[in-house]
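Asker: Sharing a structure here in structure tokens format.
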Amino acid sequence: MIIRRITEEDIPLLSELDKACFSVPWGPDSFRMLLGDSCDPYGAFEGEKLIGFGYILCIVDDAELLRLAVRQEYRRMGVARKLMETLKQVAREKGLTHMSLEVRESNAAAKALYESLGFVQVGTINNYYRQPKENACLLSAEL
Ligand SMILES: CC(C)(COP(=O)(O)OP(=O)(O)OC[C@H]1O[C@@H](n2cnc3c(N)ncnc32)[C@H](O)[C@@H]1OP(=O)(O)O)[C@@H](O)C(=O)NCCC(=O)NCCS
């Protein structure tokens, strides 16, 4: 597996994987808009196959995790952990001091991952998600 920056050419693969992982997928236009300077998208590849991806948006001293997903058949193999380590390193190199994210209250797998990476819950946002409607846990970690 290699982890490298996502480029415009990867967007069809990215949209396909996003659709498979989220009830409200982003679509290619949203991914295209997020290729700018303040956004850092990274993908995990097995040959030509995209097996996971993660996006951070860098604002002042905080890297906000916008999206993180791993293809179903590659889960529990450490792919997300490696992506998160890469994203944390990228954010540190930009001089950022914190990483923050929102996660569905019921998303036990993601919450366990973030907890193992040192994230702590700093708040709750009521009815943040739709399809299905659900509260978000707001998590933060020092970089
Ligand atoms: C959450 C997600 C990204 C985790 O990806 P992954 O590559 O399977 O995670 P990793 O293999 O790197 O797991 C790292 C640690 O996270 C925790 N973890 C991951 N999946 C877990 C699960 N299903 N149950 C409990 N703990 C889990 C464990 O602590 C794991 O370490 P371990 O395997 O040594 O016990 C993946 O399940 C996914 O894509 N889910 C759908 C999209 C999603 O919910 N994204 C997050 C939105 S905030």
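The values are calculated or read from the model by the stated rules, or taken from the named source; none is laboratory data. Predicted model only: the values in this text are computed from it and were never measured. Quick reminder, even Gly has a Cβ in these numbers, built from the backbone with ideal geometry, and neighbours come from all protein chains shown. Each accessible area value is taken on the protein alone, full model and side chains, heavy atoms only, with ligands, DNA and RNA left out. Shrake-Rupley method; radii C 1.70, N 1.55, O 1.52, S 1.80 Å.
Asker: Go through region 8-93 and name the trypsin sites (Lys or Arg not before Pro) that are in a DSSP coil and have 12 or fewer other Cβ atoms within 10 Å of their Cβ.
Answerer: Working: sites: Lys19, Arg32, Lys49, Arg67, Arg71, Arg75, Arg76, Arg81, Lys82, Lys88, Arg92; in loops: Arg71, Arg75, Arg76.
Sites meeting the loop and neighbour criteria: Arg76.
Asker: Lys133: which lysines have alpha carbons under 29 Å from its alpha carbon, excluding same-chain residues fewer than 8 sequence positions away?
Answerer: Partners within reach: Lys19, Lys111.
Asker: Given points 7 Å out from each Cα along the Cα-Cβ axis, report the Gln131 to Val24 separation in nanometres with one decimal.
Answerer: Going from the Gln131 label point to the Val24 one covers 0.9 nm.
Asker: What list of ³J(HN,Hα) values in whole Hz, one per residue of region 30-44 in order, does the Karplus curve 6.51 cos²θ - 1.76 cosθ + 1.60 (θ = phi - 60°) give from phi, with Gly and Pro shown as x?
Answerer: Rounded to whole hertz, the list is 5, 5, 5, 5, 9, 9, x, 4, 7, 10, 10, x, 10, x, 9.
Asker: Net charge around Lys133, counting only other residues with Cβ within less than 12 Å of its Cβ (Lys, Arg = +1; Asp, Glu = -1)?
Answerer: Values: positive: Arg104, Arg130; negative: Glu105, Glu134.
Here the count lands on 0.
Asker: So, with +1 on the Cβ of K and R and -1 on the Cβ of D and E, and no other charges, what is the size of the charge dipole of the chain about its Cα centre, to the nearest 20 debye?
Answerer: Details: 18 positive and 21 negative charges, 86 e Å.
Here the chain has a charge dipole of around 420 debye.
Asker: Determine how large the accessible area of Arg130 is when every protein chain is in place; take a 1.4 Å probe and give Å² rounded to the nearest 10.
Answerer: 150
Asker: Using R₀ = 30 Å, calculate the FRET efficiency as 1/(1 + (r/R₀)^6) where r is the Cβ-Cβ separation of Leu117 and Glu16; round to 0.05. Write out the running numbers ahead of the final one.
Answerer: Numbers: r = 27 Å, r/R0 = 0.89.
The formula returns an efficiency of 0.65 here.
Asker: Name the long-range amide H neighbours of Leu66: under 5 Å, sequence gap of 5 or more, or other chain; modelled H, no Pro or chain starts.
Answerer: Hits under the 5 Å cutoff: Tyr55, Ile56, Leu57.
Asker: Could you please tell me the mean projected area of the C-alpha convex hull for region 2-142, averaged over all directions and given in square nanometres to one decimal? List each step's numbers first, then the result.
Answerer: On the way: hull surface 32.2 nm².
Its average projected convex-hull area is 8.1 nm².
Asker: With both bridge residues required to lie in region 2-142, what share of the DSSP beta bridges run antiparallel, to the nearest 5%? Please report the intermediate quantities before stating the final value.
Answerer: Numbers: 33 of 37 bridges.
Rounded to the nearest five, the antiparallel share is 90 percent.
Asker: With all protein chains present and a 1.4 Å probe, how do Glu9, Glu46 order by accessible area, largest first?
Answerer: Details: Glu9 140, Glu46 80 Å².
Ranking Glu9, Glu46 by accessible area, largest first, yields Glu9, Glu46.
Asker: Taking +1 at the Cβ of each Lys and Arg and -1 at the Cβ of each Asp and Glu, which of His98, Leu34, Met77 sits farthest along the dipole of the chain towards its positive end, judged by Cα position relative to the Cα centre?
Answerer: The residue sitting farthest along the positive end of the dipole is Met77.
Asker: Label-point separation (nm) for Asp62 and Arg76, each offset 7 Å from Cα along Cα-to-Cβ?
Answerer: It is 3.4 nm.
Asker: Here's another thing I want to ask about it. With contacts defined as alpha carbon pairs under 8 Å and 6 or more residues apart, what's the relative contact order of the chain in percent?
Answerer: On the way: 248 pairs, mean separation 26.5, N = 143.
Relative contact order, the chain: 19 percent.
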